[in-house]
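The values are calculated or read from the model by the stated rules, or taken from the named source; none is laboratory data. Here the structure is a predicted model, which is why all the values come from computation and not from measurement. Quick reminder, even Gly has a Cβ in these numbers, built from the backbone with ideal geometry, and neighbours come from all protein chains shown. Surface accessibility is based on the protein's heavy atoms, side chains included, excluding ligands, DNA and RNA. Shrake-Rupley method; radii C 1.70, N 1.55, O 1.52, S 1.80 Å.
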Amino acid sequence: MNHAEKAEVFNKDEAKVNWHDKALWYVREKRDTSAHKVQGWEYLRELGSSIKANVLSNLDEYLIQFETNAKKNGVHVHWASNAEEHNNIINSILEKHQAKKVVKSKSMLTEECHLNPFLEKKGIEVIDTDLGERIVQLAEEPPSHIVLPAIHKTKEEVDVLFQEHLNTKPSQGNPEYLVSEARKHLRDKFLKADVAITGVNFAIANTGGFVVCTNEGNADMGVHLSKVHIACMGIEKIIPQEKHLGVFLRLLARSATGQPITTYSSHFNKPDDGKEMHIVIVDNGRTEQLSREDFRASLHCIRCGACMNTCPIYRRSGGHSYDYAIPGPIGSILSPGKDMKKHSSLPFASTLCGSCSNVCPVKINIHEQLYKWRQVIVKEQKQPVVKKSILKVAGVVLSKPSLYGLAGKSARFALKHFPRFMIYNKLNAWGKARDLPEVKNENFDEWYKKRNKNG
Amino acid sequence: MNGIKKEIKMGREAILQSIKKNKPDLLPLPQINEKAFDEDINLLEVFKNNIALVGGSIKEIETKAIDAEIKTLYPNATQIANTSAKTSLGSIKISKNTDPHSLEHIDLAIVEGELGVSENGAIWVTAYNSIVRALPFITNDLVIILEKDKICLHMLQAYSLIDKRERDFGVFISGPSKTADIEQCLVVGAHGAMSLTVLLV
Amino acid sequence: MKVGLFIPCYINQLYPQVGIATLELLEKLGVDVYYPQGQTCCGQPLGNSGYEDDSKGACQVFVENFKAYDYIVGPSGSCIYHVKHHFDILEQTPEVKRVRNNAYELCEFIVKILGKTDIGASFPYKVGLHKSCHGLRGLKLGSCSEVMGEHFSTEEDLLNEVKGLQLMPLNRKDECCGFGGTFSVFEEAISVKMGKDRIKDHLDSDVQVITGADHSCLMHLEGLINRNKQPLKVMHIAEILNSSL
Ligand code: SF4
């Protein structure tokens with residue numbers, strides 16, 4: 001199913017759509033309020049964007065610098081060209097430590113690499129410890145949002161899920177109770193874990209350190225209680241200097257949830273005594289995206305989720321309708337670069353309203369990239385015959401004023417004389433829920449000519 | 001293990017080569033004009049408001065009143081781990097060699113913060129302050145003692161203030177742990193500390 | 001100052017009254033307006049569908065039609081946005097550049113170029129303003145709710161001067177209506193839902209007449225309103241500014 005079809009299914013339950021829309025709009029409003037409080041917000045975005053642009057233009061040097069510094073700090077650095085290499089590297093570290101139990105905090109990259117099923121097949125227990133991620137893990141679903149993975153679930157649904165998996169009592173979806181049960185359940189997992197896997201929000205070239213941001217404290221609970229810490233990062237997570245965190249940490253949480261900063265911004269530089277720290281640096285299609293001039297700025301993304309919260313389509317179609325690890329507007333410009341055939345409907349799942357580009361803390365021109373992907377997709381992917389021929393013909397007609405005069409007349413003629421049931425047939429997507437405009441007796445051209453004659 | 005090593009090496013070279021080939025011409029790193037963020041505000045007041053906003057509580061007291069204050073605030077806390085010299089409280093000895101797993105049932109941890117940031121209520125706590133990295137997270141309740149002349153305006157200032165440090169582990173803590181993952185309902189007390197009290201001295 | 005009147009294809013065919021109001025309004029303001037014959041379309045529907053290359057002919061026709069004018073004015077923000085933004089597919093001859101630079105959406109032309117906000121209209125109704133995304137975020141006719149800074153709005157400046165008109169504040173003041181050109185048919189379910197939600201906001205805010213500077217959004221909203229027999233009237237802002245009720 002393409003996006004439109006999945007969205008249509010999601011829209012069968014209008015009350016749920018309203019609920020979903022409202023929940024995310026609320027987050028968008030919190031973001032607005034929070035950003036309003038920052039003196040120089042737009043300048044801060046400007047900085048975020050130009051620092052990232054510099055990063056991409058000097059990425060290899062920064063990565064080498066990062067690696068050198070991290071190694072000096074006693075950190076093991078690994079490089080993975082693709083998901084398979086990434087998963088194998090992690091597996092080899094686990095094997096070396098005979099690790100059977102892994103706790104993992106949020107990392108969209110491991111989601112992208114399908115790490116969990118890979119490790120599970122090898123008999124390793126992988127527990128997602130971010131509450132939202134744990135919820136979708138128990139439900140055996142992918143996250144539907146990068147910051148709020150379980151935003152599509154009502155509290156009643158979570159209640160039922162927890163009863164089934166965590167033996168909780170029915171609570172009519174009492175969030176306090178459910179969180180406290182999850183805390184107990186996951187605490188046990190933290191205490192028993194051999195290895196902790198985390199994502200990386202920012203990796204700093206000039207220090208070799210990296211920062212992980214959470215609200216729940218799950219990354220730290222995992223890392224500080226296990227022997228080995230593996231941090232996975234896409235190559236684009238690099239920033240040049242530690243002071244640049246002063247720009248990005250000001251932007252990230254405010255854009256994401258409207259908080260002034262996440263509860264914990266943890267700065268990892270050296271492993272604790274007697275422990276191991278590994279960093280896996282992953283390409284998996286990113287250098288290819290880097291080669292595409294029109295689309296490379298998509299690599300600025302700091303995964304705040306703001307473009308999802310503001311997107312009127314995302315809010316009304318749900319994250320799963322995108323069928324990609326990263327949904328919403330940013331997912332729609334990243335995914336065609338990974339698999340154009342599979343994701344060819346995503347750049348069309350937008351009205352190009354531009355709200356995403358306005359909220360994006362690193363000023364990615366998301367809606368312009370959506371427009372550009374459309375041009376690429378039409379050229380490279382097979383298009384539905386009807387759509388294609390209509391638009392091709394339109395191109396010819398519109399370039400010839402004389403032909404156009406005729407076509408316009410016949411369109412109006414059809415609107416005026418065909419009975420409603422003809423126009424509102426199954427193929428007429430316009431007419432399913434909307435009336436067509438009432439047809440006037442003359443068009444503007446005709447009126448104008450008449451007026452000039454009379455005048 | 002040898003096979004893996006080789007593969008990793010290949011990954012590195014392949015990635016770096018590919019970047020070299022695909023990256024755009026060098027773009028300048030922007031100068032940051034910190035003046036653009038200047039604000040004439042009462043740092044202490046804004047800091048206090050932000051601590052409240054992120055779900056913490058904050059109190060200005062004298063150093064000698066800390067013990068009594070904590071006892072009133074946490075009358076039932078028996079397992080107390082303290083790493084600050086500003087208070088004599090503490091029932092559990094803690095050292096670099098303490099197994100963090102043994103801290104599972106701590107009621108209260110008391111640590112010092114090095115720096116507060118007024119724009120977001122975040123406090124910089126390092127491994128030096130907490131001795132055991134897990135301490136501020138695994139404890140049920142957390143008290144951070146902070147000197148009130150150590151509050152700066154925003155994160156850019158904060159990073160220049162902590163620039164010269166021993167870099168091993170440090171964390172900005174802003175409030176108690178929390179989640180809104182169930183229907184956007186904010187619940188305080190996720191995996192980390194259930195509450196945060198900041199004592200300004 | 002010679003002004004070329006640009007009447008977008010769908011307005012020409014389906015909403016001649018909007019074209020008429022625009023022309024009358026400009027004439028009332030003392031502008032020397034011409035309506036070049038042989039206009040087709042700015043090419044936007046093709047570009048937005050991914051067929052930008054096929055739209056070059058239409059874009060070229062547009063430039064030919066309007067190259068002789070000091071300003072090109074049209075009652076449709078999204079078409080003007082397309083001319084300004086997406087005519088980069090043509091070779092940038094001086095003519096193309098001139099046309100792109102001098103193309104103005106009607107409201108912006110009145111406020112910025114003519115320097116007028118009060119044009120002596122009266123319209124005693126409660127009005128809700130639909131800010132089209134291409135006008136707002138594309139042409140920057142006003143401040144957007146996502147962007148931090150001073151509030152401003154070209155359309156509001158004009159409507160606030162209309163006698164008797166009460167501009168009603170909306171709950172979501174600049175959310176997209178869901179038209180989006182071919183999006184309206186290829187993503188039918190979401191498009192309809194977005195439109196319904198916009199209409200509900202206007203109804204909840206006690207609006208009698210929805211207006212805006214982009215009739216394509218209004219066509220979509222009107223289609224829903226008529227189908228669902230809702231107590232709302234839809235009028236282009238040119239029609240309101242040209243009223244003396
Ligand atoms: S594209 Fe921008 S707004 Fe969207 S998640 Fe990335 S950083 Fe945030």
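Data table
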read-out	value
C:Lys173, sole failed condition from (1) open to solvent by less than 20 Å² (accessible area, probe 1.4 Å); (2) more than 8 Å from chain A (Cβ to nearest Cβ); (3) within 18 Å of C:Thr211 (Cβ to Cβ)	(1)
Selection within segment A:301-320 - of a type in the set (Gly, Ala, Ser), more than 7 Å from the ligand (Cβ to nearest atom) and more than 9 Å from chain C (Cβ to nearest Cβ)	A:Gly318, A:Gly319
Enumeration of residues in segment A:264-282 that are assigned to a loop (DSSP other than H, G, I, E, B) and open to solvent by 10 Å² or more (accessible area, probe 1.4 Å)	A:Lys270, A:Pro271, A:Asp272, A:Asp273, A:Gly274, A:Lys275
Whichever residue in segment A:346-389 is small (Gly, Ala, Ser), more than 21 Å from A:Lys52 (Cα to Cα) and surrounded by 24 or more Cβ atoms within 10 Å (Cβ to Cβ) and, among such residues, is farthest from the ligand (Cβ to nearest atom)	A:Ala349
Selection within segment C:61-95 - among the small types (Gly, Ala, Ser) and in contact with a helix residue (DSSP H, G or I) (Cβ under 7 Å, 6 or more places away or on another chain)	C:Gly74, C:Ser76, C:Gly77, C:Ser78
Only listed residue being facing chain B (nearest Cβ under 7 Å) and either open to solvent by less than 30 Å² (accessible area, probe 1.4 Å) or out of contact with any Pro (no Cβ under 9 Å at 6 or more places or on another chain) (or both), chosen from A:Asn82, A:Asn91, A:Asn54, A:Asn87	A:Asn54
Strands (runs of 3 or more DSSP E) within segment C:1-107 that include 1 or more residues open to solvent by less than 10 Å² (accessible area, probe 1.4 Å) and modelled with pLDDT of 95 or more	C:2-5, C:71-74, C:103-105
Members of segment C:28-63 that are away from every other protein chain (no Cβ under 11 Å) and charged (D, E, K, R)	C:Lys28, C:Asp32
Where B:Leu73 falls short, out of the listed (1) within 14 Å of another protein chain (Cβ to nearest Cβ); (2) under 22 Å from B:Val187 (Cα atoms)	(1)
Check on B:Ser177, surrounded by fewer than 21 Cβ atoms within 10 Å (Cβ to Cβ), modelled with pLDDT of 95 or more and under 24 Å from B:Thr72 (Cα atoms)	no
Residues that are more than 19 Å from the chain's Cα centre (by Cα) and within 12 Å of chain A (Cβ to nearest Cβ), drawn from segment C:64-91	C:Glu64, C:Asn65, C:Asp88, C:Ile89
Residues being touching a helix residue (DSSP H, G or I) at 6+ places or on another chain (Cβ under 8 Å) and either closer than 20 Å to A:His185 by Cβ or β-branched (Val, Ile, Thr) (or both) - total across segment B:168-189	10
Output for segment A:11-39, where each listed residue is facing chain C (nearest Cβ under 9 Å) and open to solvent by less than 50 Å² (accessible area, probe 1.4 Å)	A:Asn11, A:Val17, A:Asp21, A:Trp25, A:Arg28, A:Arg31, A:Asp32, A:Ala35, A:Val38
Within segment B:92-201, strands (runs of 3 or more DSSP E) holding 2 or more residues that are more than 11 Å from chain A (Cβ to nearest Cβ)	B:108-112, B:115-117, B:141-146, B:195-200
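To keep it simple, each residue is scored yes or no on (1) under 28 Å from the mean Cα position of the chain (by Cα); (2) more than 24 Å from B:Ile182 (Cβ to Cβ).
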{"site": "A:His114", "(1), (2)": "yes, yes"}
{"site": "A:Lys122", "(1), (2)": "no, yes"}
{"site": "A:Asp130", "(1), (2)": "yes, no"}
{"site": "A:Ile135", "(1), (2)": "yes, no"}
{"site": "A:Pro149", "(1), (2)": "yes, no"}
{"site": "A:Lys153", "(1), (2)": "yes, no"}
{"site": "A:Asp159", "(1), (2)": "yes, no"}
{"site": "A:Tyr177", "(1), (2)": "no, no"}
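So that you can scan it fast, the table gives a plain yes or no per residue for (1) more than 16 Å from the ligand (Cβ to nearest atom); (2) in contact with a helix residue (DSSP H, G or I) (Cβ under 9 Å, 6 or more places away or on another chain); (3) open to solvent by 10 Å² or more (accessible area, probe 1.4 Å):
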| residue | (1), (2), (3) |
| --- | --- |
| A:Lys227 | yes, no, yes |
| A:Ile230 | yes, yes, no |
| A:Met233 | no, yes, no |
| A:Glu236 | no, yes, no |
| A:Pro240 | yes, yes, no |
| A:Gly246 | yes, yes, no |
| A:Gln259 | no, yes, yes |
| A:Thr262 | no, yes, yes |
